[in-house]
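Read through the structure below, which is laid out as structure tokens, and then see the notes.
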Amino acid sequence: MSLLKPGHRGCAGCCDALAGKFVLDALGEDCIVVSPTGCLEVFTTPYPESAWGVPWIHSLFENAAAVASGVEAALKAMGKMNNTKIIAIGGDGATMDIGLQAISGAFERGHDFTYICVDNEAYMNTGIQRSSGTPMYASTTTSPAGKVSFGNPLNKKNMPAIIAAHGSPYIATASVAYAPDMIRKVKKAAQIKGPTYVHVHAPCCTGWKFEGSKTIEVGRLAVETALWPLYEMENSEVTGVRKIKNRKPVEEYLKAQGRFKHLFTMEGGAEGIKKIQATADWNVKHFGLE
Amino acid sequence: MRNRMVVVEGSYAVAHAVKVCKPNVISAYPITPQTHIVEDLAQFAADGEMNCEYMNVESEFSAISALIGASAAGARTYSSTTSQGLALMHEALFNASGMRLPIVMTVVNRALSAPINIWNDQQDSISQRDTGWIQLYAEDVQESADMTPQLYKIAEDEDILLPAMACMDGFILSHVYEPVILLEQSLTDEFLPDYSPEFVLDPKNPMSFGAFADPSTYTEFRYKQEKAMGVALKRIEEVALEFSEKYGRYYGGLLDGYMLDDAEIVIMAMGSVIGTIKDTIDMLQKEGESVGLLKVRSFRPFPADEIRKALKNAKVVITLDKNISIGKNEGALCTEVKACMYNRDVRVPVIGFMLGHGGRDIPVSTIVKMINKAKLVEKGIFIESEFADLREDLA
């Protein structure tokens, strides 16, 4: 049985539950997991129940990296580190917005831990509000499409690049839609000494508005259209990419989700789609995806 | 005893006390006037005198957050901060207490901005009174240092498990050089048992910390924190006596009296102003005045029963507050002393004075002025609460 036990309260088709399960599949029992506030935390630990088969701590929204660094310091100080892996698993808001400072501090200090961002591109736990992980033109409850708006007007923050600037020995992007790839990367990140980072693309059926049975399908479309490039970085250099055969146009990804629906119905939406296609094209060129 | 004394800075005495308590993890961010404590600890670590992880973090918020993780992993933990730094920790203070992590932290009391001011008052720790931390206030440098092992012993008690603040007045105590006895390692090893908590983050015995509680379970978490504070009321007294037996020094447990028996006017205060009040009382006693002191050492837990007992013969009570609840025109000690008497037989008029904000000096003359104002109660003139040291030219 998975170390993330069944019976939790995640939505059917939940990307966070998949991510949590894959992370624990990669790590096994000898780990300590730190979660910031978010869906994963809430649906796995309604007191007195817990889905976690490994030691787990949730403190606050913005401090998971600091808490993880304290766990690491404690184990080191007490001579109990052995092979225990210390992992923080946070959402895009907890990672790229409110928790960014604590992450920067922990990476700069060089703690031996792995931070995993499970990026479902909005504040899903509070009801689909925009975060700095929200892609351009996605409609969220705080960046809604409207008569004079195409949704979120800003580009997604490039979080792996920020981590790379800290000199992390290992950074990878992954997707819940490519489980063996994600598990391999999490395993590798955990085994490498020092602060490592895995940024996982995680399609949220509730927030992105697609059927719960389509999580993997939508996740694959993000990769196949080159909107979510899968790559690895070692010591801030890109060392590996997942090549795309028969790249698909971004429309296929966008039209599978309700959050981009307005781009296909509003006048001027085609321009938006073009802009998104340009982002995909840039990814192809920049990472050499073809 | 006297020959063991050395003249050191207050911050050094505290840092040394922390060292002999053997914390596993120290995490702190520099802020005036706390800096000397963490610098001294960093030097101890650099000289190999401490077997601990010393973390230079990027903010006070991460300082306390790192200790939450470290404490949950079973480490004895320490931090120190003040003022803005403590305010920045606010959210995590509730969290540390709610998760029952016995972190010990020295708060070097300082005023809050705006206007920015680096000098002493107690607004910072008073503003954190509802976060579920034990708060003791020290009168002098020796007490500030001695409080450290006492607080570890209290906080780590398995029937308490609450974090604790040792509050010492900024500059007045942190930067003063005075003769102290540095805590002996051997005595501290005997006094303070190793920390071996029952519940820790351990892959061999996985547990979940910080689960979310819905309305059907949340209340009981708060109730149990309150109950633990009740246990702390007893333990603070006991541990002060245990400390006295071991080291030969005693500052009171929850409270301490000075010339209190039969005193008609009782002054209540916390922190370094106690020394000035004692001097004032000595002076006035010679003049035949009936003035005594009730030092409040423990503000959380608040020793309501003990205060009522101590005040039962008083004719009038004066409270000194280096803080203000703006909009209430009162300091916290004043409010709480009044509140603890209302439903009981003790009916003593309480006159609140707010003073010493932002480091304004509290000389004997100010204390005498307050005492004289308090005497007006006999003539039917009653002051509810007021600033004691306003500059008329600026007010």
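Structure notes:
- Qualifying residue in the range A:139-152 (condition: charged (D, E, K, R), more than 14 Å from chain B (Cβ to nearest Cβ) and without any contact (Cβ under 8 Å) to a residue 24 or more places away in the chain): yes
- Condition check for A:Gly268: farther than 23 Å from A:Asn158 by Cβ and touching a residue at least 12 places away in the same chain (Cβ under 8 Å): yes
- Scanning the range A:28-62 for residues being within 10 Å of another protein chain (Cβ to nearest Cβ) and not in a loop (DSSP other than H, G, I, E, B) gives a total of 14.
- Checking the range A:79-88 against the condition returns a match, with at least one residue being within 14 Å of chain B (Cβ to nearest Cβ), within 20 Å of A:Cys14 (Cβ to Cβ), modelled with pLDDT of 95 or more and outside any helix (DSSP H, G or I).
- Taking the numbered list (1) surrounded by fewer than 24 Cβ atoms within 10 Å (Cβ to Cβ); (2) in a helix (DSSP H, G or I) in turn, A:Ile163 passes all entries but (1).
- Any chance A:Pro229 is within 16 Å of A:Asp119 (Cβ to Cβ) and modelled with pLDDT of 95 or more: yes
- Picking from residues in the range B:290-314 that are in a loop (DSSP other than H, G, I, E, B) and at pLDDT 95 or above, the one that is nearest to B:Ile154 (Cα to Cα) is B:Pro301.
- Identity of the residue in the range B:146-202, out of contact with any Cys (no Cβ under 7 Å at 6 or more places or on another chain) and polar (S, T, N, Q), that ends up modelled with the lowest pLDDT: B:Ser196
- Near pairs, Cβ below 7 angstrom, 6+ apart or cross-chain, from the range A:18-37 (modelled with pLDDT under 95) to any residue that is assigned to a strand (DSSP E or B) and surrounded by fewer than 22 Cβ atoms within 10 Å (Cβ to Cβ): none
- Candidate set from the range B:250-267 (those that are touching a residue at least 40 places away in the same chain (Cβ under 8 Å) and touching a helix residue (DSSP H, G or I) at 6+ places or on another chain (Cβ under 6 Å)); member that is surrounded by the most Cβ atoms within 10 Å (Cβ to Cβ): B:Ile267
- Qualifying residue in the range B:336-348 (condition: in contact with a His (Cβ under 8 Å, 6 or more places away or on another chain) and either part of a loop (DSSP other than H, G, I, E, B) or surrounded by 18 or more Cβ atoms within 10 Å (Cβ to Cβ) (or both)): no
- Qualifying residue in the range B:222-230 (condition: away from chain A (no Cβ under 14 Å), touching a residue at least 40 places away in the same chain (Cβ under 8 Å) and of a type outside the set (Gly, Ala, Ser)): yes
- Selection status of A:Gly70, at the interface with chain B (Cβ under 7 Å from one of its Cβ atoms), of a type in the set (Gly, Ala, Ser) and within 24 Å of B:Gly74 (Cα to Cα): yes
- Residue list for the range A:230-279, filter: farther than 17 Å from A:Ala145 by Cα and β-branched (Val, Ile, Thr): A:Val238, A:Thr239, A:Val241, A:Ile244, A:Val250, A:Thr279
- Some residue of the range A:197-204 being out of contact with any helix residue (DSSP H, G or I) (no Cβ under 9 Å at 6 or more places or on another chain) and either of a type outside the set (A, V, I, L, M) or under 30 Å from A:Ala73 (Cα atoms) (or both): no
- Among the residues of the range B:57-72, none qualifies, meaning not one is more than 9 Å from chain A (Cβ to nearest Cβ) and either assigned to a loop (DSSP other than H, G, I, E, B) or out of contact with any Leu (no Cβ under 8 Å at 6 or more places or on another chain) (or both).
- In the set A:Asp92, A:Asp97, only one residue is surrounded by fewer than 24 Cβ atoms within 10 Å (Cβ to Cβ), away from every other protein chain (no Cβ under 11 Å) and in contact with an Asp or Glu (Cβ under 9 Å, 6 or more places away or on another chain); that residue is A:Asp97.
- Criterion: surrounded by 24 or more Cβ atoms within 10 Å (Cβ to Cβ), at pLDDT 95 or above, closer than 18 Å to A:Arg109 by Cα and within 14 Å of another protein chain (Cβ to nearest Cβ) - qualifying residue of B:Ala92, B:Ala45, B:Ala28, B:Ala75: B:Ala28
- Flag for B:Met341 being of a type in the set (A, V, I, L, M) and in contact with a helix residue (DSSP H, G or I) (Cβ under 8 Å, 6 or more places away or on another chain): yes
- Residue count, the range B:173-209 (criterion: buried (at least 17 other Cβ atoms within 10 Å of the Cβ), under 27 Å from the mean Cα position of the chain (by Cα) and within 30 Å of A:Val34 (Cα to Cα)): 2
- When residues in the range B:164-207 are screened for being of a type outside the set (Asp, Glu), within 14 Å of chain A (Cβ to nearest Cβ) and in contact (Cβ under 8 Å) with a residue 12 or more places away in the chain, 5 of them pass.
The values are calculated or read from the model by the stated rules, or taken from the named source; none is laboratory data. Since we're looking at a predicted model, the values are computed, not measured. In this analysis, Cβ positions are derived from the backbone assuming ideal geometry, glycine residues included, and neighbour counts consider all displayed protein chains.
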